[in-house]
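One structure is given here, and the rest of the page talks about it.
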Amino acid sequence: MVFELQQLRVIMHVDLDYFFAQVEEREDHAIVGRPVIVCVYSGRGGDSGVVSTANYIARKYGVGSGISIALAKKKLKSVEAVFLSVNHQLYSMVSKKIMCIIRKYGDAFEQASIDEAYLDVTDRSGRDFERGRDLAIEIQKDILTTEEITCSIGIAPSKLVAKIAAGIHKPNGITLVRPEAVETFLSPIPVRELVGVGAKTEKTLHNLGVRTIGELANLDLGRLVKTFGKKLGTYFADAALGIDHSRVEERGKAESISRMSTLKENTRDSEAIVGELNRLAEDLHSSTVKDGLSFRGITVVAVMDDLKAHTRSKTLDKSSRDLTIVKQVAGSLLENLLAEETNHQVRRIGMKIFDFAKHEGQKQLTDFTL
Ligand code: DCP
Ligand code: CA
Ligand code: CA
């Protein structure tokens with residue numbers, strides 16, 4: 001691929017290593033060297049719940065994000081493993097401090113999740129990838145000495161490639177992908193690693209005989225557009241070649257916030273579910289109002305007893321911060337959902353509000369959990 005010099009950018013993606021578990025290790029050095037598993041207990045008692053993340057020692061035993069706590073215990077029964085309950089407040093406090101460190105190193109900064117951020121270091125590095133690597137080493141040292149946390153960094157000409165690169169040498173690694181090496185670098189990587197490829201799209205691509213990004217790059221654009229539509233098809237064609245012109249931009253505000261809760265028992269009793277939904281609504285409402293925000297979008301999510309998630313959303317005519325409206329809308333979304341999904345009972349219920357607007361004269365939004 002030929003890069004015009006003025007277009008050439010040096011982009012970094014910083015991803016904190018086994019983040020929640022590493023914070024726990026930092027808080028209690030006595031657990032270092034043992035498998036550490038951070039769990040989301042469902043509240044139904046016993047080991048009901050899932051693993052949020054695990055340190056690398058636990059991963060050697062096949063334990064990682066998303067598996068059940070019961071299965072993790074089984075896999076680790078021969079060792080003295082440490083099972084802890086998630087402490088979101090602690091992780092978001094550490095995350096905020098680390099993000100403040102990272103942002104100092106870029107011409108532009110964008111936090112992408114609780115444990116990852118993009119930096120544009122084009123000017124800072126004088127478009128020199130070696131200088132980019134030096135900066136990455138400095139960032140790693142700074143975060144380690146100040147916050148005792150290791151991270152992995154990808155450096156590339158686009159956000160898309162930098163993100164994939166950050167995952168290559170973990171933990172505590174740096175992966176540099178120069179412009180001329182982008183296609184070769186991407187070629188053997190599974191399509192699933194591309195932003196926008198979920199389980200469903202992955203399957204569709206597999207059915208087309210496409211497993212790697214290299215195979216995707218060889219697919220005819222017409223075929224891609226026919227399968228995925230113009231917008232997504234073109235995106236995949238570009239992405240397969242590492243083409244991504246999206247800028248590193250600060251997100252002014254969180255795009256959404258959500259809460260989820262497991263019901264005491266599986267049910268279709270709307271009164272019981274609404275009770276829980278109202279609690280979630282109050283919690284979400286108090287966070288957003290505290291931050292001076294109003295919102296237009298409300299989504300209700302129900303995870304049924306077959307573990308399939310169903311969502312119903314509504315956009316209000318104008319922004320609101322009225323708790324009664326949230327409760328009313330959520331209640332009617334739930335009724336619709338129950339009326340349409342008649343075969344299963346509800347296991348978990350969740351709510352999301354989005355499309356935020358800011359009230360004049362309010363303080364800057366700083367403390368969203370991403
Ligand atoms: N997380 C979660 N549930 C998931 C995935 C992640 O609760 N299914 C949480 C726990 C992680 C954090 O988000 O610590 C960041 O997710 P990552 O995917 O970046 O995973 P880790 O940081 O834990 O590990 P890695 O070293 O592979 O980045
Ligand atoms: Ca991480
Ligand atoms: Ca991450």
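Numbers at a glance
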| read-out | value |
| --- | --- |
| Degrees, to the nearest 10: 88-103 long Cα axis against longest axis of the chain | 30 degrees |
| Pair ASP283, GLN345: separation of 7 Å Cα→Cβ label points (nm) | 2.2 nm |
| Helical contribution to [θ] at 222 nm, DSSP H n ≥ 4, -39,500 (n - 2.57), averaged over the chain, rounded to 500 | -11500 deg cm²/dmol |
| Set of aspartates and glutamates near LYS74 by C-alpha distance (under 12 Å), chain-local residues within fewer than 8 positions excluded | ASP47 |
| Dipole magnitude of the stretch 136-266, debye to nearest 20 (Cβ charges: Lys/Arg +1, Asp/Glu -1, about Cα centre) | 580 debye |
| Rg ratio (alpha-carbon, reference 2.2 N^0.38 Å) - the stretch 236-359 | 1.23 |
| Dipole in debye (nearest 20) - the chain, about Cα centre, beta carbon charges: Lys, Arg +1; Asp, Glu -1 | 620 debye |
| Stretch gain in nm, segment ARG178-ASP269, where the contour uses 0.36 nm per residue and the Cα spacing is subtracted | 27.0 nm |
| Cut-off 15 Å between beta-carbons: net charge of the residues surrounding VAL197, Lys and Arg +1, Asp and Glu -1 | +1 |
| Computed lengthening from ASN336 to LEU232, 0.36 nm per intervening residue step minus Cα-Cα distance | 34.4 nm |
| Diffusion coefficient, µm² s⁻¹, Stokes-Einstein with Kirkwood Rh over alpha-carbon pairs of the chain at 25 °C and 0.890 mPa s | 107 µm²/s |
| Positive-end extreme of charge dipole, the chain - chosen from SER152, ALA165, VAL63 (charges on Cβ) | VAL63 |
| Candidate aspartates and glutamates for bridging to LYS314, where Cα separation is under 17 Å - those fewer than 8 sequence places away on the same chain excluded | GLU255, ASP322, GLU335, GLU340, ASP355 |
| Per DSSP, loop GluC sites (Glu not before Pro) in the stretch 203-267 with at most 15 further Cβ within 10 Å | GLU249, GLU250, GLU255 |
| Full-stretch length increase - ARG296, SER261 - with 0.36 nm per residue and alpha-carbon distance subtracted | 10.4 nm |
| Helix axis angle, 230-240 relative to the chain longest principal axis, alpha carbon, degrees | 50 degrees |
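Computed from the coordinates by the stated procedures, all read-outs in this text should not be read as laboratory data. Nothing here was measured: the structure is a model prediction, and the numbers come from that model. Virtual Cβ from ideal backbone geometry, glycine too; neighbours counted across all protein chains shown.
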